[in-house]
Amino acid sequence: MNDIPPLPERDLPPGRHRLLKEHLMREIRQTEAQAVREPRRRWLRPAVAGPALAGALALAVVAGIAVAGSGDGGTRTEVARDGTATYAFAPRAGADTTGGAARVLARVATVAEKKKAHAGIRDDQFVYTKSLVSYATVTDGKPTVLAPLHDLEDWTSVDGTRKGRMLEPRGNPPLDLPNDPDPAPGKPGYDQSVNYRHLQTLPTDPEAMRRWLYGHTGHEGESGRDRDQDAFVLAGELLHGMMPPKVSAALYRAVAKIPGVVVVPDAVDAAGRHGVAVARVDSYSTGERNEWIFDEKTGEYLGTRTVALESSHGVKAGQVTGTSAVVERAVVDKVGQRPS
């Protein structure tokens, strides 16, 4: 078996993607002056999964922002109102899930493993991903709405040794992503968990992948951790990268064995595409559900969303508080280059 390098240490609750880092840093810049006047303002994290930085969160807390808090240990949900499913609303959330996650994931895995392996990718290249995203902030006493949908472009070094970039338009400056070649165990890194060369080293056997997920959550031995939730979120982090077909197939089959994973028959991604979602209620914030959305006919991965299962702080049950859709993914020669 390959010698699998460890993922970087995680200081945050799991599943805080690079979008979290950029959004938090932007919120710091935009709201620092009004933090004292609005001390209860807090950010609802986006549905996109992936690595995050504890330092950014610490700065955000200083600026008067906090990640949505966890529940009281029990899953308190209410049934959302009926209505039409959209990228911003999930009808009857809290009563719209079914079993059958293993069956859905088995089909998705079959689709994945039939794809051709990516050939001829060089270490000096970059994986380009274009997504459509939206996320919400919430201020007590005010209705919460999703921000306008907008593009998010990401260039990630194939081997993790070169500086990447994330670009979110609407007047926001590009964020240069630091390169950190081969981080030592326990040393915080950035691209290590999603660069293509790292993903190539992961297990292609479902049971070995399951053991790997549970062994690399970054919270081994910590009290109060839910290892099932951590494994589910870590799997979602890996899903954001361009995965080798056999590795992704093993990942889906491993996730099928995580307790608490359910199916949402009708989920809508940020691009308005309907699909079937594999989901899990967040153990650390029981008022929300994290979803991966797939095309029901083709089994292709579409995107993610986070759905509120409770009404609180201006958020209504059934409201989508973070959403994404993968629009394009390709390998390019340099940062800033887009597929022709």
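The values are calculated or read from the model by the stated rules, or taken from the named source; none is laboratory data. Please read all numbers here as calculations on a predicted model, not as lab measurements. Here the Cβ is made from the backbone with ideal geometry for all residues, glycine too, and neighbour counts use every protein chain on show.
At a glance:
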quantity: Total residues in the range 285-321, condition out of contact with any Gly (no Cβ under 8 Å at 6 or more places or on another chain) and part of a loop (DSSP other than H, G, I, E, B); calculated: 7
quantity: Condition met for residue 207 (outside any loop (DSSP other than H, G, I, E, B) and either over 26 Å from residue 127 (Cα atoms) or in contact (Cβ under 8 Å) with a residue 40 or more places away in the chain (or both)); calculated: yes
quantity: Hey, residue 329 within 22 Å of residue 150 (Cα to Cα), part of a loop (DSSP other than H, G, I, E, B) and out of contact with any Lys or Arg (no Cβ under 7 Å at 6 or more places or on another chain) or not; calculated: no
quantity: Selected residue [farther than 24 Å from residue 244 by Cβ and in contact (Cβ under 8 Å) with a residue 12 or more places away in the chain] from 309, 302; calculated: 309
quantity: Single unsatisfied condition, residue 141 versus (1) surrounded by 16 or more Cβ atoms within 10 Å (Cβ to Cβ); (2) at positive phi; (3) not aromatic (Phe, Trp, Tyr); calculated: (1)
quantity: Pair list, Cβ < 9 Å and 6+ apart or interchain, from the range 67-90 residues that are closer than 12 Å to residue 307 by Cα and at pLDDT 90 or above to residues that are part of a loop (DSSP other than H, G, I, E, B) and among the hydroxyl-bearing types (Ser, Thr, Tyr); calculated: 80/311
quantity: Pair list, Cβ < 7 Å and 6+ apart or interchain, from the range 116-128 residues that are modelled with pLDDT of 90 or more to residues that are outside any strand (DSSP E or B) and of a type in the set (Asp, Glu); calculated: 123/159; 125/333
quantity: The listed residue being out of contact with any Gly (no Cβ under 6 Å at 6 or more places or on another chain), modelled with pLDDT of 95 or more, closer than 20 Å to residue 159 by Cα and crowded, with 20+ Cβ neighbours inside 10 Å, out of 203, 245; calculated: 203
quantity: Filter result (β-branched (Val, Ile, Thr) and in contact with a Leu (Cβ under 6 Å, 6 or more places away or on another chain)) within the range 305-340; calculated: 321, 327
quantity: Matching residues in the range 234-253 - criterion: being more than 17 Å from residue 294 (Cα to Cα) and assigned to a helix (DSSP H, G or I); calculated: 234, 246, 247
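To keep it simple, each residue is scored yes or no on (1) farther than 22 Å from residue 104 by Cα; (2) in contact with a helix residue (DSSP H, G or I) (Cβ under 6 Å, 6 or more places away or on another chain); (3) buried (at least 19 other Cβ atoms within 10 Å of the Cβ).
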site	(1), (2), (3)
257	no, yes, no
261	no, yes, yes
264	no, no, yes
268	no, no, yes
281	no, no, yes
306	no, no, yes
311	yes, no, no
318	yes, no, yes
